Amino acid sequence: MAKRIDLRSDTVTKPTEEMRRLMAKAEVGDDVYGEDPTVNRLEELAAHMFGKEAALFVTSGTQGNQVAIASFAGRGDEVIAEAESHVFFYEAAGISAIAGAQTRQIPGDRGVLRPADVRQAIRNKDIHQPRTALVCIENTHNRAGGTITPIATLQEIHEIAHAAGAAVHMDGARLFNAVVATGIGEREWASHVDTVQFCLSKGLGAPVGSLVVGSREVIDRARVWRKRLGGGMRQAGVLAAPGLWALTNMVERLADDHANARHLAEQLVAMSGVRVDMETVQTNIVICDVEDTGRTADEFVGALRRDGVLASAFGPTQIRFVTHKDVSRSDIDTAVSVMAKLVASLRR
Ligand code: TLP
């Protein structure tokens, strides 16, 4: 069978040979007892890189977001999140089901919350109103197409939230894409938030896991939440080992994914009936709209799949393509020609 070009997500990346070798020989112990040396090394490295006191290795981005959120917000509290954010849109209502808080959704500008809107949404001290416990920022923003929250905006939101006694959590599932695209280091990003969740298992290519970084006090609470959710793993060093390698070896190469995404977007936007908001093409995600072709995203995704190109329907007429280490420039060119053929066949 011809090679499938899988652009559904960067979550599909497979561990490298080196990662597999490190997994096989990882030193391990029982991490619930705090005795897995490899997990401990990963958590220490993450805390150091992000300039925070402590870190927690969790099973997934979703678990990392939810344990962080539950560490700040509880039953009857309110959490501000962008209207299309992952924590609101894709985490099975975890904020209400786990933390017991309600979500206040605020539409952003291409996924970026406006500081003035956050200021307005923060609740007054009033018997009728919930307490605003937390503001969540998604950087980069998935459903907006991989957009970056400018650091100055983040800083402003942080100041507004803190002045009102609310914390800030950053869903940085793809924070390293923002790091590489802007040249602003993770420590600088993290200095404007209380906690960051970042994924090892997306563009960095590790098979499993995320980290949450923050103060020791918050991470201690998050550790209890992780246990409560069944995320206390035992000889997890076999998973931490490729994560350690990913953090030290896989960050810089994300620039290739960004160049491939831009190349893909430029080709797509030149096709008749295909729209791309080029302003959103900042990292490794490209969202195009095929409404003007008269076909649905599902129809397109089905037709692409028959020709070996996998993408995700992201709305009635929106399709998402995500570039990553397991697709090359020539794979992108193949995907483009499949898409071009498909668009041309619709015009006949
Ligand atoms: N996103 C996945 C899907 O869930 C949509 C993807 O394919 O992009 N935050 C952000 C911003 C994410 O994009 C994701 C995963 C997560 C958190 C959750 O990470 P996992 O999948 O590890 O739970």
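Derivation of every value follows stated rules applied to the coordinates shown; laboratory data play no part. Predicted, not measured: the structure shown is a model, and the values here were computed from it. Every residue, glycine among them, receives a Cβ derived from its backbone with ideal geometry; neighbour counts consider all protein chains shown.
Once both axes come from the Cα atoms, what is the angle between helix 297-306 and the longest principal axis of the chain, in degrees from 0 to 90, rounded to 10?
So the helix axis and the longest Cα principal axis differ by about 70 degrees.
Return one number: the angle in degrees, 0 to 90 and rounded to the nearest 10, between the long axis of the Cα atoms of helix 37-50 and the longest principal axis of the Cα atoms of the chain.
80
Arranged by the count of other C-beta atoms within 10 angstrom, fewest first, what order do Glu138, Glu17, Glu252, Glu27 take?
Working: Glu138 30, Glu17 7, Glu252 10, Glu27 15.
Exposure proxy ranking, most exposed first: Glu17, Glu252, Glu27, Glu138.
Between beta-carbons, use under 11 Å as the cut-off and find the net charge around Met233, counting Lys and Arg +1, Asp and Glu -1. Display every interim value, and only then the final one.
Values: positive: Arg226, Lys227, Arg234; negative: Asp30, Asp31, Asp36.
So the surrounding residues net to 0.
Could you give me the ³J(HN,Hα) list for segment 197-212, computed from phi with Karplus coefficients 6.51, -1.76, 1.60 and θ = phi - 60°, whole Hz, x at Gly and Pro?
10, 10, 9, 8, 9, 10, x, 6, x, 6, x, 8, x, 9, 10, 10
Taking only pairs that are 8 or more places apart or on different chains, how many Lys pairs in the chain have Cα atoms under 19 angstrom apart? Walk me through the numbers on the way to the answer.
Working: Lys3/Lys14; Lys3/Lys325; Lys3/Lys341; Lys14/Lys25; Lys14/Lys202; Lys14/Lys325; Lys202/Lys325.
So the count works out to 7.
I want the local charge near Glu35. Using Cβ-Cβ distances under 12 Å, sum +1 for each Lys or Arg and -1 for each Asp or Glu among the other residues.
On the way: positive: Arg234; negative: Glu27, Asp30, Asp31, Asp36.
Overall, the nearby charge balance is -3.
What whole-number volume per residue, in cubic angstrom, does the convex hull of the C-alpha atoms of segment 25-107 give?
On the way: hull volume 10.5 nm³, N = 83.
Dividing the Cα hull volume of segment 25-107 by its residue count gives 127 Å³.
How do His169, His263, His128, His162 rank when sorted from fewest to most other Cβ atoms within 10 Å of their own Cβ? Mind dumping the intermediate values first?
Details: His169 29, His263 17, His128 6, His162 14.
Ascending Cβ contact count within 10 Å gives the list His128, His162, His263, His169.
Taking the Cα centre of the chain as origin, work out the dipole magnitude from +1 charges on Lys and Arg Cβ and -1 charges on Asp and Glu Cβ, in debye rounded to 20. It would help to have the intermediate numbers written out before the result.
Details: 40 positive and 44 negative charges, 144 e Å.
Approximately 700 debye in magnitude.
Of Leu229, Leu56, how do they rank once you tally other Cβ atoms within 10 Å and put the fewest first?
On the way: Leu229 17, Leu56 29.
With the fewest neighbours first, Leu229, Leu56 line up as Leu229, Leu56.
If I histogram all Cα-Cα distances within segment 253-347 using bins 10 Å wide from 0, what percent of pairs lands in each bin?
17, 56, 25, 2
When a/c is below 1.5 the answer is rounded, else prolate if a/b is larger than b/c, else oblate, so apply that to segment 146-270 with a ≥ b ≥ c taken from the square roots of the Cα gyration tensor eigenvalues. Could you put the intermediate results ahead of the total?
Values: a/c = 2.32, a/b = 1.17, b/c = 1.98.
Verdict is oblate for segment 146-270.
For Gln120, what is the net charge nearby, where nearby means another residue's Cβ is under 11 Å from its Cβ and Lys, Arg count +1, Asp, Glu -1?
Details: positive: Arg104, Arg114, Arg119, Arg123; negative: Asp117.
Once all neighbours under 11 Å are counted, the net charge is +3.
Amide H to amide H under 5 Å from Thr147: which residues, 5+ apart in sequence or cross-chain, H placed 1.01 Å off N in plane?
His141
Just the Cα atoms of the chain: what Rg and Dmax do they give in Å?
20.5, 65
Summing -39500 (n - 2.57) over the DSSP H runs of n ≥ 4 in the chain and dividing by its residue number, what mean residue ellipticity at 222 nm do you reach, to the nearest 500 deg cm²/dmol? Write out the running numbers ahead of the final one.
Working: 13 runs with 142 residues, N = 348.
Theoretical 222 nm ellipticity from helices: -12500 deg cm²/dmol.
Would you work out which of Val28, Gly51, Val12 lies farthest towards the positive end of the dipole of segment 1-56, given +1 charges on the beta-carbon of Lys and Arg and -1 on that of Asp and Glu, about the Cα centre?
In segment 1-56, that residue is Val12.
If you put +1 on each Lys and Arg Cβ and -1 on each Asp and Glu Cβ, how big is the dipole of segment 142-208 around its Cα centre, in Debye rounded to 20?
The calculation lands at about 300 debye.
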